[in-house]
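Engineer: Pasting in a structure now, in structure tokens, and then I'll have a few things to ask.
A short reminder: the numbers here are calculations on the coordinates, not readings from a lab. These numbers come from a predicted model, not from an experiment. Backbone-built Cβ (ideal geometry, glycine too); neighbour counts: all protein chains shown.
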Amino acid sequence: MVTTYISHQDCGLHNMGPEHPESPIRLLAIARHLERTGLKDQVTQMQSIHACEEQLLLAHAPLHPKRLQMKLPEKGIVYTDDDTALCPDSLHAASLAAGSTILATNRVISGKTTNAFCAVRPPGHHAEHNMPMGFCFYNNVAIGAMHALAQPGIERVAIFDFDVHHGNGTVDIFKDRPEVLVCSTFQHPFYPERYSNISRPNIINCPLAAHSDGKAFREIVERRCLPALQNHKPDMIFISAGFDAHWEDPLADLKLNEEDYRWITQLLMDTARLYSNNRIVSVLEGGYNPTSLAYSTAAHIEALLGF
């Protein structure tokens, strides 16, 4: 397997304040751990590129980027909701995060790499068609998926979101797009409490009670998500890779560990091998304990590499 690792130091310029959990430290922790373990030398490294406005509008309303730009401060921070703030460099970082999924998608579809992991921030899966929320401004995975669907030979895609928070933004964007299957495992009841009860054939919501462990996670994936993936037969798979369902994460109450993340990655790789010509693009979402985030990401990348 050839895995491309896409990141950019400017993703660290987005800073919502010293006490905010979605911190630049997250990407530093991942990068340092990959260097210590030697995984950095096992992947093909590339720098993120910016998404243009046309690409942002693949998943968002025309006024969405403009509203964000109007709120961008010259200094300090401006909150777009109770949890989400813009600093002067936030949209620069967000454009790089979204552009990473475009770059990753192009490389995977062209066959230049087997799969790709985008270590970027801010995250994206809470960003809805016309609204930023939950630390997210642009929906990175949705933009990549829409770009993929515009390429020859890609008629159906699947998005698997294993972040501890429900991927409401991704569901909002694709709820009426049957060519996109969205599977989401998440703690419930819990933030964001949007779209968690939606009923659509292409939306597979898998709520987990607080304190659920890896056994419960694996059972619901095998019972509900795997049959849906097999029925959908996606030409490409995207992953919203949030590692905040880890038992050490401070923001939630699920009990997953590194081996659960390795397991789900391998399951998705098996699915991609059967239906998707191995095509997978994975994009970082949550994960707020720097140590467990780094170790979980490493397990995810090891699996992508076929280790």
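Engineer: Go through the range 1-22 and count every residue that is outside any strand (DSSP E or B) and in contact (Cβ under 8 Å) with a residue 60 or more places away in the chain.
Structural biologist: Qualifying residue count, the range 1-22: 14.
Engineer: I've got another one for you. Taking the range 58-91, which residues are closer than 16 Å to Pro123 by Cα and of a type in the set (S, T, N, Q)?
Structural biologist: Matches in the range 58-91: Thr80, Thr84, Ser90.
Engineer: Filter the range 263-307 down to the residues that are part of a loop (DSSP other than H, G, I, E, B) and in contact with a Gly (Cβ under 7 Å, 6 or more places away or on another chain), then identify the one that is nearest to Thr44 (Cα to Cα).
Structural biologist: Glu285
Engineer: Right, another one. Since Asp260 meets every condition but one in (1) surrounded by 20 or more Cβ atoms within 10 Å (Cβ to Cβ); (2) among the charged types (D, E, K, R); (3) assigned to a loop (DSSP other than H, G, I, E, B), which condition does it not meet?
Structural biologist: Failing condition for Asp260: (3).
Engineer: Related question: Of everything in the range 194-228 that's among the hydrophobic types (A, V, I, L, M, F, W, C) and in a helix (DSSP H, G or I), which residue is farthest from Cys183 (Cα to Cα)?
Structural biologist: Ala216
Engineer: Take the residues in the range 25-39 that are touching a residue at least 12 places away in the same chain (Cβ under 8 Å) and either surrounded by fewer than 16 Cβ atoms within 10 Å (Cβ to Cβ) or touching a strand residue (DSSP E or B) at 6+ places or on another chain (Cβ under 6 Å) (or both), then tell me which one is farthest from Tyr295 (Cα to Cα).
Structural biologist: Only one residue fits best here, namely Ile25.
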